[in-house]
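Note sheet for the following structure.
Only the coordinates and a few stated rules stand behind these numbers; no lab work does. As the structure is a prediction and not an experimental result, all values here were calculated from the model. When we count neighbours, we look across all protein chains shown, and the Cβ atoms used for this are built from the backbone with ideal geometry, even at glycine.
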Amino acid sequence: MTLTSRKVQASQALRALQIFESLSRYRPTFVGSTPIDLDLNESDLDVICEAYDLDEFEQHAKFVYGNRSNFTCIKVVKYSLPSILVSFFSHNFRVGIFGQGRAIEEQAAYIHMKIEERLLQIGGETAREGIRDLKRKGFKTEPAFAVYFDLPGDPYQALLDLAQYSEAELQNLFGNQ
């Protein structure tokens, strides 16, 4: 399966699951490596949601997706906020749905994806292939970016920190990769 056909199949799976319709009140947003064309065959499909009432979100997710293969729904704390992580297998994909009481644009997964996209624009196809290669070697996406772009410290925090940089500043830092 090519990455392009996988991206099409991922979109078809999300449509078939009616993710965007069934979770519409939570502003579901497709994030992660698939939307920016960095996924591998084993990559999850990640959807983040604005869920200010976590109990309601949990009940809704269980009602809609609780019958899916390998369904789990757990409470976690991410970036100091209580959150819900739903996971199941469907349409040949592991699907992860994350709910947190924070605007989509302020959630770490969204910010990570947006800064990764900006870095890929600077690094081009060479960066994309280098990061895919690191992922094939077992790195998760954020650590792969940190290794490729030589980011110090915690990879997840380093990417969040880069989000405040302008395009010119990013180009200045990483344009010679």
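Give the distance, in whole Å, between the Cα centre of segment 1-68 and the Cα centre of segment 115-177. Taking the Cα centre of each part, segment 1-68 and segment 115-177 sit 24 Å apart.
What percentage of all Cα-Cα pairs in the chain are separated by more than 31 Å? Counting pairs separated by more than 31 Å, the tail of P(r) holds 17 percent. Peptide packing: for 71-79, 22-30, the average count of neighbouring Cβ atoms within 10 Å per residue gives the ranking 22-30, 71-79, highest mean first.
In the chain, helices alone account for a calculated mean residue ellipticity at 222 nm of -14500 deg cm²/dmol, with every DSSP H run of four or more residues adding -39,500 (n - 2.57). Among the lysines, select those whose C-alpha is under 19 Å from the C-alpha of Lys62, and discard any that sit fewer than 8 residues away in the same chain. Excluding near neighbours in sequence, the set is Lys75. Put a plus charge on the Cβ of each Lys and Arg, a minus charge on the Cβ of each Asp and Glu, and nothing anywhere else: the dipole of segment 94-177 about its Cα centre is then about 460 debye. Using all pairs of distinct alpha-carbon atoms, the Kirkwood hydrodynamic radius of segment 110-174 works out to 11.7 angstrom. Taking the number of Cβ atoms within 10 Å of each Cβ as an exposure proxy, the fewest-first ranking of Lys135, Lys140 is Lys140, Lys135. Membrane-span-like helices in the chain (whole DSSP H runs, Cα extent of at least 15 Å along the helix axis, mean Kyte-Doolittle hydropathy of at least -1.0): 3-16, 54-65, 108-136. As a rough footprinting exposure proxy, the listed residues Asp44, Asp39 were ranked by other beta carbons within 10 Å of their own, and the order from fewest upward is Asp44, Asp39. Sorting the segments 90-98, 51-59 by their mean number of nearby beta carbons within 10 angstrom, highest to lowest, gives 90-98, 51-59. Counting only Cβ charges, +1 for Lys and Arg and -1 for Asp and Glu, the dipole size of the chain around its Cα centre is about 620 debye. Ordering Ile48, Ile104 from the fewest to the most neighbouring beta carbons within 10 Å gives Ile104, Ile48.
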